[in-house]
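One structure is given here, and the rest of the page talks about it.
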Amino acid sequence: GDWSTDGGAGWTAMTLPPGSSAGAGVVAVSADGSHIVWAPVDAPPADSTDGGQTWTPVTGLAQGLMPVADPVRPGVFYAFDPADGTVLKSTDGGATFTAAATGLPGGVGSEQSSSAPQLHAVPGRAGHLWRTAGDGALYHSTDGALAFSRISSVGTVATLGFGRAAPGAGYPAIYLTGIVGGVQGIFRSTDEGGTW
């Protein structure tokens, strides 16, 4: 892959993380661009502090887990391990991940679909995470993954995304596909998941 620090005028080639032959996987970049965590599908996760020129193995993040960068706090990353229902957190630029929240539902994706349980960081909101879970439910954290609360109005969620805040609203609009109130469809919340 390529990495640009000047809007694409001068591209710098990145190297692949150690052990990766193709690079496919998930890449998360810190809020200030100083740290990159790359979780390739064919190698253990690694982090870089020099724009992808060199890589260091990540401690505490198993192969196959998807890192997510906090969109406001530089050096803070999260990941969810569906094997044991643990949310992992790094505060050192992705070098080390440790358990933040435990005992959450894990397992396969909702409705036995291919949508894996995963974390979603909210644009512009430090520590705000939404988690789609193996039990099909939707969970929300506002404290940097220390605690999650279930959004009881959502029966099942398959995918989740964010958009511009509605007029007069201070929180980004949340979009989901799933089941709300017994109806399957695409839904929007303009009040932080209170109503859909």
Considering the range 158-196 alone, what residues qualify as being of a type in the set (A, V, I, L, M), within 24 Å of VAL76 (Cβ to Cβ) and buried (at least 17 other Cβ atoms within 10 Å of the Cβ)? LEU160, ILE174
Before we move on, is ILE179 among the β-branched types (Val, Ile, Thr) and either assigned to a loop (DSSP other than H, G, I, E, B) or modelled with pLDDT of 95 or more (or both)? no
Can you tell which of GLY93, GLY134 is at pLDDT 95 or above and either under 21 Å from VAL41 (Cα atoms) or part of a helix (DSSP H, G or I) (or both)? GLY93
Across the range 115-131, which residue is least open to solvent (accessible area, probe 1.4 Å) among those that are part of a loop (DSSP other than H, G, I, E, B) and out of contact with any Gly (no Cβ under 6 Å at 6 or more places or on another chain)? VAL122
I want to confirm something. Restricting to the range 96-114 and keeping residues that are part of a strand (DSSP E or B) and surrounded by 18 or more Cβ atoms within 10 Å (Cβ to Cβ), which single residue is modelled with the highest pLDDT? ALA100
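The values are calculated or read from the model by the stated rules, or taken from the named source; none is laboratory data. In this text, all values refer to a predicted model and were calculated from it rather than measured experimentally. We place every Cβ from the backbone using ideal geometry, glycine too, and count neighbours over all the protein chains shown. Side chains are part of the model used for accessible areas, which takes the heavy atoms of the whole protein and leaves out ligands, DNA and RNA. Shrake-Rupley method; radii C 1.70, N 1.55, O 1.52, S 1.80 Å.
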